[in-house]
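Since every read-out is calculated from the coordinates, none of them should be taken as a lab result. Being a predicted model, the structure only gives us computed values, none of them experimental. Every residue, glycine as well, gets a Cβ built from its backbone with ideal geometry; the counts of neighbours run over all protein chains shown.
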Amino acid sequence: MSPDHRLHEPVPTPLKVVVVGGAGVGTTTFVRAVSEFAPPSTDRYVTVAPVGDLPAGRATATTTAALEVARVGVGDSHVLYLLGMPAQGRSSMWDELARGAVGAVVLVDPLRIEISFAAVDFVESRDIPFVVAVNGFPGADRFRPADVHDALGLRGDVPVLPTDARVRGSCLATVIRLVEHALDRSVVVRFPPVAR
Amino acid sequence: MLRSVWSSAIDHAPGSGTVRGVEPPGRGAHEGPRHGVATLPAVAGARVRRGGRALPMESLVTTTARARWGHGLDADPRRIVELAGRPVSLVEIGAALAVPLAVVRGIVGDLVDGGFLEVHAPPGGCPSASVLARLLDGLRVP
């Protein structure tokens, strides 16, 4: 294919969903699962790789926390990026991730729920739509979504749903729930966030 | 705070100066200065940095007709031109090259200055309801 031919293809509009959580709650697994079982024959092609792992010998003035990236083709007009924020990521990168995002998936391990407090604080303070996905660790099914909702002190309209971060269909269903929630929020009157 | 982090990173990135091998084609010494032509890439480059503000990481870049002249580029710029044969985001380029975003921004800025790449920044702000509805339709395709 010649470059000239490619020049005339429409350029899609990029959209992003942020995947955050604490250490070991499954953000990397979630992003990679979305990529792993992509049928290559459809437009739902996916790439995934960490950003910022520098090859040996490559000099740089800064280091960047590894950011997981998955690309999901969603028709001709848009492309969706799932961006998995590492637990040790800097808050400056969180700001950039949140800007213009569709929303966020906050992963929690109900047995270590406090691990994800910082992630919840992050999405609430940026006032972006988010859902809480309870990752299916052993024993996680002992906790009802309402319990997790209370434990995290969430606003009433924030969805809490079970997820298996290892399963692509489960992850995509979580993303779909997030987009539905974002759509609900976008059609109601938005008030400024209450100072806390 | 964010801006200072990225700005300082860009200052130290290879792209802040001149990346070796990223020179606009057809501007060899024997041709002399080409007044009027050089201003266009400079304007395009300003869009990459947005007057000091870094482009969003999900911004897409594509090749221009000039990209076919990019065979003499260094490895990383050449790889970016290859990747941009289809619309590709800054964050994907970072993943593919295993380099920080600040470095990607620097090299992409030089490639835009050189006329090899075109940047398509996202519209900014929160996605509208119609965009979200279309995204939902796209995600629900089995």
Using per-residue counts of other Cβ atoms within 10 Å, averaged over each peptide, order A:20-28, A:111-119, A:137-145 from highest down. A:20-28, A:111-119, A:137-145
Under 5 Å, built H, 5+ apart or other chain: amide partners of A:Val19: A:Leu83, A:Gly84, A:Met85, A:Val105
For the residue pair B:Arg79 and A:Ala23, what label-to-label distance in nm results when each label sits 7 Å from Cα along the Cα-to-beta-carbon direction? 3.0 nm
Taking just the alpha carbons, could you work out the radius of gyration and Dmax for region B:53-142, both in angstroms? 14.8, 45
Go ahead and run the numbers for FRET between B:Arg86 and B:Ala121, Cβ-Cβ distance against an R0 of 22 Å, rounding to 0.05. 0.80
Placing each pseudo-label 7 Å from Cα in the direction of the beta carbon, A:Arg142 and B:Leu136 end up separated by a distance in nanometres of 3.7 nm
Three semi-axes of the equivalent ellipsoid, region A:83-183, Cα gyration tensor, whole Å, largest first: 20, 15, 14
What average count of beta carbons from other chains do you get within 10 Å of the Cβ of residues in B:62-69? 3
